[in-house]
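Trainee: Structure in structure tokens, see below.
Please treat every number below as a calculation from the coordinates, not as lab data. All of these numbers come straight from a predicted model, not from anything done at the bench. Because the Cβ atoms are built from the backbone with ideal geometry, glycine has one as well, and the counts that use them run over all protein chains shown.
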Amino acid sequence: MYQIKPSGLTNKIIVKKKKFIKKSNRQVDYFLDRQNENHFYQQVQNVVFILVPTKIIKKWNYWISQMPYYPNTKTLDIQTLNEQGMEKVIDLIKQLHAQKLDLKLFDPQAFLELFTNKVGVIEQLKPWTAKIDAIIKNYYDDVSPVVSHNDLIPENFLIKDQQMYLIDFEYVSLNHYLFDYASFMTESLKKEQNPTFLKLLNLNNQELIKLTELMQYQNYLWAHWAKYMYQNSKNEIFLAIMENKIARLN
């Protein structure tokens, strides 16, 4: 597991007086619902597996959140993640999904259009447009949405005092119950780790098809997100992310 360091890809992060301070920016606030995020934190103050910011304020046109800085905290190390570690991840996701909270419902079409309206459809992904449209059309399949993190990168799992926690709920919403598993597979796991993770999920054939579709949607979505972020920041890392997502689809 990796020792956490004060850094941020989409937000400015600093450590000051033993406090972990995150400041948003306009490019990110354009597509995030900070009110929904704040409403989530208000409802999970006593949920033991979520590390909640101690302070969230809006200052001018920016959102600033603050929480204690734990210097010995670790993030999830995917390179050494074994079956036991995957079981802990799955259990944590299930605990999150079991929460009964008042949150907005994820709209896959509207969220995707936040990026395609800005950058257009990526040329290499135009052959996927019809498939993605079909996935969106049948997105929920009459299932009840659950509380979902929606951004399960390794850095959003914290190991503190040998306990695993979830942090950074910028994208939180009600969503399809398989979305978080698809997120973890596309954002965190290496391809060779997928069979073990799928075995632990123990999904039926219909669920496996849906999981695959949600992974395809997410790769398509985050490719356009990355192009938007690159156009606004000129940070080459976003081009690399975009190319990775395109490669995963093609």
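Trainee: Pop a pseudo-label 7 angstrom from the Cα along the beta-carbon direction at both ILE14 and GLU87 and give the gap in nm to one decimal.
Mentor: Reported label-point gap for ILE14 and GLU87 is 4.5 nm.
Trainee: Among residues other than GLU87 whose Cβ falls under 13 Å from its Cβ, what is the net charge (Lys/Arg +1, Asp/Glu -1)? All intermediate terms of the calculation are to be shown ahead of the outcome.
Mentor: Working: positive: LYS88, LYS94, LYS199; negative: GLU83, ASP91.
With Lys, Arg at +1 and Asp, Glu at -1, the neighbours total +1.
Trainee: Follow-up question, since we're still on this one. Under 18 Å from a point placed 7 Å out from the Cα of ARG26 along the Cα-to-Cβ direction: which residues of the stretch 49-90 have their backbone N that close?
Mentor: 58-64
Trainee: Would the chain count as rounded, prolate or oblate if I go by the C-alpha gyration tensor, calling it rounded below 1.5 in a/c and otherwise prolate when a/b exceeds b/c, oblate otherwise? Present the calculation step by step, with values, prior to reporting the outcome.
Mentor: Values: a/c = 1.43, a/b = 1.16, b/c = 1.23.
Since a/c stays below 1.5, the shape of the chain is classed as rounded.
Trainee: Test of the criteria: in the stretch 9-50, which trypsin sites (Lys or Arg not before Pro) are in a DSSP loop and have at most 11 other Cβ atoms within 10 angstrom of their Cβ?
Mentor: Values: sites: LYS12, LYS16, LYS17, LYS18, LYS19, LYS22, LYS23, ARG26, ARG34; in loops: LYS17, LYS18.
Sparse-neighbourhood loop trypsin sites (Lys or Arg not before Pro): LYS17, LYS18.
Trainee: Quick one: if you stick a label point 7 Å off each Cα along the C-beta vector at VAL48 and LYS234, how many nm between them?
Mentor: Label at VAL48, label at LYS234, 5.0 nm between them.
Trainee: If you don't mind, there's one more thing I want to ask. Note down the net charge around ALA98, summing +1 for each Lys or Arg and -1 for each Asp or Glu among other residues with Cβ under 14 Å from its Cβ. Present the calculation step by step, with values, prior to reporting the outcome.
Mentor: Working: positive: LYS94, LYS100; negative: ASP91, ASP180.
That works out to 0.
Trainee: Can I ask one more? Between beta-carbons, use under 14 Å as the cut-off and find the net charge around TYR230, counting Lys and Arg +1, Asp and Glu -1.
Mentor: Numbers: positive: LYS118, LYS227, LYS234, LYS245; negative: GLU236, GLU243.
My count for the surroundings of TYR230 gives +2.
Trainee: Tell me whether the stretch 115-249 comes out rounded, prolate or oblate; compute the Cα gyration tensor, take square roots of the eigenvalues as a ≥ b ≥ c, and use a/c under 1.5 as the rounded threshold. Show your work: numbers first, answer last.
Mentor: Values: a/c = 1.63, a/b = 1.17, b/c = 1.40.
Oblate.
Trainee: Roughly speaking, what is the stretch gain from LYS94 to VAL143, that is 0.36 nm per residue apart minus the C-alpha to C-alpha distance, in nm to one decimal? Write out the running numbers ahead of the final one.
Mentor: Details: separation 49, 0.36 × 49 = 17.64 nm, distance 1.58 nm.
So the extension gain works out to 16.1 nm.
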